[in-house]
1. Yes or no: residue 104 more than 21 Å from residue 236 (Cβ to Cβ), without any contact (Cβ under 8 Å) to a residue 12 or more places away in the chain and not in a loop (DSSP other than H, G, I, E, B)?
2. With respect to residue 190, is the statement that it is at pLDDT below 95 and small (Gly, Ala, Ser) true?
3. Among the residues that make up segment 175-185, is at least one of them assigned by TED's automatic domain parsing to the domain that holds residue 21, of a type in the set (A, V, I, L, M, F, W, C) and under 30 Å from residue 207 (Cα atoms)?
4. Considering every residue within segment 155-168, establish whether at least one is buried (at least 21 other Cβ atoms within 10 Å of the Cβ) and not in a strand (DSSP E or B).
5. Restricting attention to segment 21-30, does a residue exist that is more than 22 Å from residue 121 (Cα to Cα), surrounded by 12 or more Cβ atoms within 10 Å (Cβ to Cβ), of a type in the set (S, T, N, Q) and touching a residue at least 24 places away in the same chain (Cβ under 8 Å)?
6. Mind counting the residues in segment 300-334 that are of a type in the set (A, V, I, L, M, F, W, C), surrounded by 15 or more Cβ atoms within 10 Å (Cβ to Cβ) and part of a loop (DSSP other than H, G, I, E, B)?
7. Among the listed residues 61, 21, identify the single one that is assigned to a loop (DSSP other than H, G, I, E, B) and not assigned by TED's automatic domain parsing to the domain that holds residue 134.
8. Going by what's in this entry, would residue 422 be described as of a type in the set (Ser, Thr, Tyr), in the same structural domain as residue 386 (by TED's automatic domain parsing) and modelled with pLDDT under 95?
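The values are calculated or read from the model by the stated rules, or taken from the named source; none is laboratory data. Note that this is a predicted model, so its numbers are computed, not measured. Counting neighbours? That spans all protein chains shown, and the Cβs are built from the backbone with ideal geometry, glycine included.
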Amino acid sequence: MSDTPSSSSPNPPHRDYPTALQPPVTLGSPNDPIPLYSGLIDFTQNGKPFQAEAHIFLEWLPSPRIRFEIPAVPDEVYPRLGDLSLRLNDGTSIEHAFISGSNQSNGLDGYKASLTGIITQRVIRPKDHAASYALFLLPNFEAPSGQAVARPRNGWRAARLVLAAGGWKITLDNVENDKAVKESLDAGSGFAITQIGRLERDDGKPFTAGDAIIILDTLGWYVSFTCGRWTGPFLARGYDMDSKLIWEIWDTHRTVPYRNWFSWMDTCHREHFEDPFPGFLKLWHDDTWKEVVRVAIHWYIEANAQAGSIEGAIVLTQTAFELLSSAVLVENHGWLSTDGYEKLAAADRIRLLFVWAGIPTAIPPELDNLIKVAKADNWPDAPTAMTMIRNTITHPTRKNREKFSKHTTTARIDAWSLGLRSLELCLLRLFGYRGTYGSRLKQRYSGEVVQVPWAIDQSSTRTTSSST
């Protein structure tokens, strides 16, 4: 998050900047539940109805979910653990929920019971109508420095990012207390709202909650790719031109507790976040490509999180390369027939994918541990090194087990880093991106970036910041 100075610096006064977005709901401290509803609710379980005062909220821990609490179950009502339905006082019906916990006592005050449960469906309340814009929340996203926005209580900050493509405009502003939120996440992990988002059509036309769900789900995949871990939009609320609430959406997006994973996006370069989006969205709207992009991003994020440790992550990157090479070389560009592709060794498939993408096939000089192993085993290039190390993991014959034991852990870490870097570049190439990126192959300062190899010029390295 940005450390941009306040409006006391010799820049235009903050009143000249657009006002920062404000959250559509009350936000507490990191990991605090977000209240959504309190009041009388009609419950039905096994055909038996009852009424009770209840609270509904977004709960973060241990993982995000929409929960309800009934602090005091009415007398002579004995619900059981299991499925039930709800009806709110605005007429909203929720058919899919279940009671997950109960607390019962029978003392001097008589029988007392309280219940907790989970809502297991997406809820649009009170009903879906056309809205002019929507506000939403984004957790656990460390955004690049962006455009300047004015804050009512905190001067101004370089805290706005804008995505525009496919007829949509998505604005993201850091929350007012972004520095404190980041410090809390760094210290204790968990979940915290880091950005407020605004969704609108670029032509100003209204849209429904159903429309918003589609584009916000897409945004979740894109944001997760840029930061290298799962996150996405929560609790969208649609408004009319007079800022009257039209609908709200209760749902959750796949989000993991905060951890500072590496990714290709540098926090000093907002173009890293903004520029690939049109190409990404174009492929996402293409039925031929959507599943390929979705699955490749899935393997990328899981590999970045070291799913299955380093060894498992190496296998995941190779799986993504196989997917992309088939889609690009056979299905899209026709470089090979299906039969010809299947006859190629895995290293040859990846090598051809790199040739298409404009990615050098040599092992980068930063990976000296992998280079040593490659020289010892006579591996000519990066695709060979990655697949040979992968084979010692996925084909554990006695010969491969012996090879595995001879390879150092640092060499496997190099192979993992190389696979992730190459997978990031392949996806950026698919999205038609021609800018810079932050390389994970070496320790670097914030702002130190390199040109993507298919768009390289005479000056391949740029440094724009000296802050760590």
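1. Taking the combined requirement at face value, the residue satisfies it.
2. No: the conditions fail for residue 190.
3. Checking segment 175-185: at least one residue is assigned by TED's automatic domain parsing to the domain that holds residue 21, of a type in the set (A, V, I, L, M, F, W, C) and under 30 Å from residue 207 (Cα atoms).
4. No, the conditions are met nowhere in segment 155-168.
5. So far as segment 21-30 goes, yes, one or more of its residues are more than 22 Å from residue 121 (Cα to Cα), surrounded by 12 or more Cβ atoms within 10 Å (Cβ to Cβ), of a type in the set (S, T, N, Q) and touching a residue at least 24 places away in the same chain (Cβ under 8 Å).
6. The qualifying residues number 1.
7. 61
8. no
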